[in-house]
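The values are calculated or read from the model by the stated rules, or taken from the named source; none is laboratory data. Owing to the predicted nature of the structure, the values given are computational and were not obtained by experimental measurement. Glycine also receives a Cβ, built like all others from the backbone with ideal geometry; neighbour counts cover every protein chain displayed. Ligands, DNA and RNA are excluded from the accessible area calculation, which covers all protein heavy atoms including side chains. Shrake-Rupley method; radii C 1.70, N 1.55, O 1.52, S 1.80 Å.
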Amino acid sequence: MRVAVIGHVECVEFVRVESVPRPGDIVHALETWDEAAGGGAVAAVQLARLAGACTLFTSFGADELGRRARLQLAEQGVTVRAMADPSPQRRAVVFVDDGGERTITVLGDKLVPSGGDSRLPWQELEDADAAFFVSGDAESVHAARRARILVATSRELRTLRAAAVELDVLVGSGEDEGEVYHAGDLDPPPRIVVTTSGPLGGWVQPGGPFRPASLPGPVVDAYGCGDSFAAGLTFALARGDSIEEAVALGARCGAAVMTGRGPYGAQLAASDLD
(Lines give C-alpha, C1' and ligand atoms only; values in the text may rest on other atoms or scores of the structure.)
Protein backbone atom coordinates (compact mmCIF):
# COMPACT_ATOMS: atom_id res chain seq x y z
CA MET A 1 0.00 0.00 0.00
CA ARG A 2 1.27 3.47 -0.90
CA VAL A 3 -0.05 6.45 1.03
CA ALA A 4 0.98 10.09 1.17
CA VAL A 5 0.32 13.30 3.08
CA ILE A 6 0.63 16.86 1.79
CA GLY A 7 0.94 19.29 4.67
CA HIS A 8 2.87 21.39 7.15
CA VAL A 9 5.11 20.64 10.09
CA GLU A 10 5.48 22.56 13.35
CA CYS A 11 8.12 22.15 16.02
CA VAL A 12 5.95 21.98 19.12
CA GLU A 13 6.88 22.53 22.73
CA PHE A 14 4.32 20.79 24.93
CA VAL A 15 3.75 22.15 28.43
CA ARG A 16 1.63 20.18 30.89
CA VAL A 17 -0.10 22.40 33.46
CA GLU A 18 -2.89 21.99 35.98
CA SER A 19 -4.89 24.62 34.09
CA VAL A 20 -4.27 27.10 31.29
CA PRO A 21 -3.20 30.46 32.76
CA ARG A 22 -5.74 33.27 32.90
CA PRO A 23 -4.69 36.87 32.16
CA GLY A 24 -2.11 37.90 34.72
CA ASP A 25 -1.56 34.37 36.08
CA ILE A 26 1.77 32.64 36.60
CA VAL A 27 1.65 28.86 36.30
CA HIS A 28 4.33 26.22 36.76
CA ALA A 29 4.91 23.50 34.18
CA LEU A 30 4.47 19.98 35.47
CA GLU A 31 6.23 18.52 32.42
CA THR A 32 7.63 19.71 29.08
CA TRP A 33 8.71 17.93 25.90
CA ASP A 34 9.28 18.66 22.19
CA GLU A 35 7.90 16.98 19.07
CA ALA A 36 7.95 17.53 15.32
CA ALA A 37 4.18 17.82 14.98
CA GLY A 38 1.53 19.89 13.20
CA GLY A 39 -1.21 18.47 10.99
CA GLY A 40 1.00 17.10 8.22
CA ALA A 41 3.46 15.43 10.57
CA VAL A 42 0.82 13.84 12.83
CA ALA A 43 -1.12 12.39 9.89
CA ALA A 44 2.05 11.11 8.20
CA VAL A 45 3.31 9.30 11.30
CA GLN A 46 -0.13 7.74 11.89
CA LEU A 47 -0.27 6.52 8.29
CA ALA A 48 3.28 5.19 8.49
CA ARG A 49 2.36 3.16 11.58
CA LEU A 50 -0.71 1.70 9.90
CA ALA A 51 0.63 1.16 6.38
CA GLY A 52 4.30 0.52 7.15
CA ALA A 53 5.39 3.63 5.24
CA CYS A 54 4.13 7.07 4.27
CA THR A 55 5.49 9.87 2.11
CA LEU A 56 5.14 13.43 3.41
CA PHE A 57 5.29 16.35 0.98
CA THR A 58 6.10 19.41 3.05
CA SER A 59 8.38 22.40 3.59
CA PHE A 60 10.93 22.99 6.35
CA GLY A 61 12.59 26.16 7.52
CA ALA A 62 16.28 26.55 6.71
CA ASP A 63 17.42 26.43 10.33
CA GLU A 64 18.36 23.94 13.03
CA LEU A 65 14.73 23.38 14.07
CA GLY A 66 13.81 22.49 10.50
CA ARG A 67 16.68 20.00 10.26
CA ARG A 68 15.72 18.41 13.58
CA ALA A 69 12.08 18.09 12.53
CA ARG A 70 13.06 16.33 9.30
CA LEU A 71 15.25 13.89 11.22
CA GLN A 72 12.57 13.14 13.84
CA LEU A 73 9.99 12.32 11.19
CA ALA A 74 12.39 10.10 9.27
CA GLU A 75 13.10 8.21 12.51
CA GLN A 76 9.34 7.56 12.82
CA GLY A 77 9.15 5.86 9.43
CA VAL A 78 8.09 8.82 7.31
CA THR A 79 9.66 9.31 3.87
CA VAL A 80 10.17 13.07 3.64
CA ARG A 81 9.91 15.00 0.38
CA ALA A 82 10.53 18.59 1.40
CA MET A 83 11.17 22.06 0.05
CA ALA A 84 13.69 24.26 1.86
CA ASP A 85 12.19 27.60 2.85
CA PRO A 86 14.42 30.54 3.81
CA SER A 87 12.00 31.41 6.63
CA PRO A 88 12.49 30.10 10.18
CA GLN A 89 10.82 26.81 10.98
CA ARG A 90 7.29 27.32 12.29
CA ARG A 91 6.90 26.62 16.00
CA ALA A 92 4.06 26.22 18.46
CA VAL A 93 3.54 26.09 22.20
CA VAL A 94 0.82 23.73 23.42
CA PHE A 95 -0.59 23.82 26.95
CA VAL A 96 -2.12 20.50 28.02
CA ASP A 97 -4.29 20.79 31.13
CA ASP A 98 -5.44 18.24 33.71
CA GLY A 99 -8.44 17.35 31.56
CA GLY A 100 -6.25 16.57 28.55
CA GLU A 101 -7.46 19.60 26.58
CA ARG A 102 -4.85 21.32 24.44
CA THR A 103 -4.50 25.08 23.91
CA ILE A 104 -2.23 26.06 21.01
CA THR A 105 -0.19 29.19 20.30
CA VAL A 106 1.47 29.20 16.87
CA LEU A 107 4.67 31.15 16.18
CA GLY A 108 5.53 31.98 12.58
CA ASP A 109 3.98 31.43 9.19
CA LYS A 110 2.78 28.04 8.00
CA LEU A 111 5.38 26.56 5.62
CA VAL A 112 3.65 24.50 2.94
CA PRO A 113 4.78 22.68 -0.20
CA SER A 114 4.10 24.08 -3.65
CA GLY A 115 2.77 21.88 -6.41
CA GLY A 116 4.64 24.04 -8.90
CA ASP A 117 8.06 23.22 -7.42
CA SER A 118 9.67 20.77 -9.81
CA ARG A 119 12.25 19.79 -7.17
CA LEU A 120 9.58 17.75 -5.40
CA PRO A 121 8.77 14.35 -6.97
CA TRP A 122 5.05 14.95 -7.32
CA GLN A 123 4.88 12.19 -9.94
CA GLU A 124 5.18 9.66 -7.10
CA LEU A 125 1.55 10.41 -6.24
CA GLU A 126 0.43 8.74 -9.47
CA ASP A 127 1.15 5.39 -7.80
CA ALA A 128 -0.43 6.30 -4.45
CA ASP A 129 -3.45 4.36 -3.23
CA ALA A 130 -4.52 7.40 -1.20
CA ALA A 131 -3.37 10.89 -0.28
CA PHE A 132 -4.46 13.14 2.58
CA PHE A 133 -4.25 16.89 1.90
CA VAL A 134 -3.63 18.90 5.07
CA SER A 135 -2.18 22.13 3.69
CA GLY A 136 -0.45 23.50 0.62
CA ASP A 137 -1.31 25.56 -2.45
CA ALA A 138 -3.86 24.91 -5.21
CA GLU A 139 -1.24 23.28 -7.41
CA SER A 140 -0.36 20.82 -4.66
CA VAL A 141 -4.05 19.85 -4.46
CA HIS A 142 -3.94 19.08 -8.18
CA ALA A 143 -0.82 16.99 -7.60
CA ALA A 144 -2.55 15.13 -4.77
CA ARG A 145 -5.51 14.38 -7.03
CA ARG A 146 -3.23 12.00 -8.96
CA ALA A 147 -3.70 9.51 -6.12
CA ARG A 148 -6.46 6.95 -6.48
CA ILE A 149 -8.25 8.37 -3.42
CA LEU A 150 -7.97 11.96 -2.18
CA VAL A 151 -9.02 12.95 1.34
CA ALA A 152 -8.71 16.58 2.50
CA THR A 153 -9.32 18.63 5.61
CA SER A 154 -11.92 21.37 5.63
CA ARG A 155 -9.44 23.64 7.44
CA GLU A 156 -8.18 24.58 3.96
CA LEU A 157 -11.46 25.41 2.20
CA ARG A 158 -10.04 28.52 0.52
CA THR A 159 -7.22 26.53 -1.09
CA LEU A 160 -9.56 23.68 -2.03
CA ARG A 161 -11.97 26.17 -3.58
CA ALA A 162 -9.18 27.62 -5.72
CA ALA A 163 -8.06 24.15 -6.81
CA ALA A 164 -11.59 23.17 -7.92
CA VAL A 165 -10.97 19.41 -7.97
CA GLU A 166 -13.35 16.68 -6.81
CA LEU A 167 -12.47 15.22 -3.44
CA ASP A 168 -13.36 11.69 -2.50
CA VAL A 169 -13.76 12.68 1.16
CA LEU A 170 -13.72 16.02 2.99
CA VAL A 171 -13.10 15.70 6.75
CA GLY A 172 -13.81 18.46 9.25
CA SER A 173 -15.00 19.31 12.72
CA GLY A 174 -18.56 20.23 13.52
CA GLU A 175 -17.36 22.04 16.64
CA ASP A 176 -14.61 24.26 15.20
CA GLU A 177 -16.07 27.15 13.18
CA GLY A 178 -12.89 27.28 11.09
CA GLU A 179 -13.58 23.76 9.80
CA VAL A 180 -17.33 23.82 9.18
CA TYR A 181 -18.29 22.90 5.62
CA HIS A 182 -21.56 24.16 4.14
CA ALA A 183 -23.20 22.84 0.98
CA GLY A 184 -21.97 24.91 -1.93
CA ASP A 185 -18.62 25.80 -0.35
CA LEU A 186 -16.79 23.71 -2.96
CA ASP A 187 -17.40 23.25 -6.68
CA PRO A 188 -17.35 20.42 -7.55
CA PRO A 189 -18.68 19.21 -4.19
CA PRO A 190 -16.86 16.37 -2.40
CA ARG A 191 -18.31 12.92 -2.92
CA ILE A 192 -18.48 12.36 0.85
CA VAL A 193 -18.32 14.77 3.80
CA VAL A 194 -17.34 13.48 7.25
CA THR A 195 -18.01 15.79 10.19
CA THR A 196 -16.62 14.91 13.62
CA SER A 197 -18.13 16.02 16.94
CA GLY A 198 -15.73 14.68 19.56
CA PRO A 199 -17.41 12.43 22.16
CA LEU A 200 -20.69 12.60 20.21
CA GLY A 201 -19.22 10.81 17.22
CA GLY A 202 -20.09 12.56 13.99
CA TRP A 203 -21.96 12.51 10.71
CA VAL A 204 -21.33 11.15 7.22
CA GLN A 205 -23.04 12.82 4.24
CA PRO A 206 -24.47 10.93 2.47
CA GLY A 207 -25.01 8.35 5.16
CA GLY A 208 -25.86 9.37 8.66
CA PRO A 209 -24.50 9.58 12.20
CA PHE A 210 -21.66 7.46 13.52
CA ARG A 211 -20.77 6.59 17.08
CA PRO A 212 -17.49 7.50 18.78
CA ALA A 213 -14.98 4.78 19.52
CA SER A 214 -14.49 3.69 23.10
CA LEU A 215 -11.45 5.18 24.78
CA PRO A 216 -8.85 2.48 25.48
CA GLY A 217 -7.77 4.33 28.64
CA PRO A 218 -8.08 7.63 30.50
CA VAL A 219 -7.79 10.89 28.57
CA VAL A 220 -4.24 12.24 28.71
CA ASP A 221 -3.78 14.62 25.77
CA ALA A 222 -6.18 15.59 22.96
CA TYR A 223 -3.49 17.02 20.66
CA GLY A 224 -3.45 15.27 17.27
CA CYS A 225 -6.66 13.24 17.61
CA GLY A 226 -8.37 14.95 14.65
CA ASP A 227 -5.50 14.44 12.22
CA SER A 228 -5.05 10.86 13.41
CA PHE A 229 -8.76 10.27 12.78
CA ALA A 230 -8.40 11.52 9.20
CA ALA A 231 -5.24 9.47 8.68
CA GLY A 232 -6.94 6.30 9.89
CA LEU A 233 -9.88 6.97 7.58
CA THR A 234 -7.49 7.53 4.65
CA PHE A 235 -5.66 4.27 5.35
CA ALA A 236 -8.91 2.29 5.51
CA LEU A 237 -10.15 3.69 2.20
CA ALA A 238 -6.77 2.94 0.60
CA ARG A 239 -7.07 -0.74 1.53
CA GLY A 240 -10.61 -0.92 0.13
CA ASP A 241 -12.81 -0.51 3.21
CA SER A 242 -16.29 0.99 2.96
CA ILE A 243 -16.79 4.54 4.23
CA GLU A 244 -18.53 3.12 7.32
CA GLU A 245 -15.55 0.90 8.08
CA ALA A 246 -13.15 3.75 7.37
CA VAL A 247 -14.93 6.10 9.76
CA ALA A 248 -14.89 3.41 12.45
CA LEU A 249 -11.14 2.93 12.10
CA GLY A 250 -10.59 6.69 12.07
CA ALA A 251 -12.57 6.96 15.30
CA ARG A 252 -10.40 4.26 16.89
CA CYS A 253 -7.26 6.15 15.87
CA GLY A 254 -8.55 9.41 17.30
CA ALA A 255 -9.62 7.79 20.55
CA ALA A 256 -6.27 6.04 20.98
CA VAL A 257 -4.28 9.26 20.57
CA MET A 258 -6.24 10.90 23.39
CA THR A 259 -4.90 8.34 25.86
CA GLY A 260 -1.21 9.01 25.19
CA ARG A 261 1.38 11.70 25.83
CA GLY A 262 1.64 13.98 22.80
CA PRO A 263 0.45 13.01 19.32
CA TYR A 264 2.52 9.84 19.02
CA GLY A 265 2.40 8.24 22.46
CA ALA A 266 -0.59 6.00 21.76
CA GLN A 267 -1.19 6.03 17.98
CA LEU A 268 -2.56 2.77 16.58
CA ALA A 269 -0.18 0.60 14.58
CA ALA A 270 -0.80 -2.21 12.11
CA SER A 271 -0.34 -4.74 14.93
CA ASP A 272 -3.31 -3.20 16.78
CA LEU A 273 -5.77 -3.83 13.95
CA ASP A 274 -8.16 -6.77 14.04
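Note on the range 235-259: residues that are touching a residue at least 40 places away in the same chain (Cβ under 8 Å), closer than 29 Å to C11 by Cβ and open to solvent by 40 Å² or more (accessible area, probe 1.4 Å) amount to 1.
Being in contact (Cβ under 8 Å) with a residue 24 or more places away in the chain and either closer than 27 Å to D241 by Cβ or outside any loop (DSSP other than H, G, I, E, B) (or both) is the requirement here; does V5 meet it? Yes, satisfied. Residues that are of a type in the set (A, V, I, L, M) and free of Cβ contacts under 8 Å to residues at least 40 places away in the same chain number at least 1 in the following strands (runs of 3 or more DSSP E) confined to the range 12-123: 31-37, 78-85, 102-107.
Filtered by the rule that a residue be open to solvent by less than 50 Å² (accessible area, probe 1.4 Å) and of a type in the set (G, A, S), the range 58-86 gives S59, G61, G66, A69, G77, A82. The residues listed here are G174, G232, G178; of these, the one that is buried (at least 24 other Cβ atoms within 10 Å of the Cβ) and on the phi < 0 side of the Ramachandran plot is G232. When G201, G262, G207, G224 are checked against the criterion of being small (G, A, S), at positive phi and open to solvent by 60 Å² or more (accessible area, probe 1.4 Å), a single residue qualifies: G207. Tell me whether the range 263-271 contains one or more residues that are in contact with a Phe, Trp or Tyr (Cβ under 8 Å, 6 or more places away or on another chain) and not acidic (D, E). Yes, because at least one residue in the range 263-271 is in contact with a Phe, Trp or Tyr (Cβ under 8 Å, 6 or more places away or on another chain) and not acidic (D, E).
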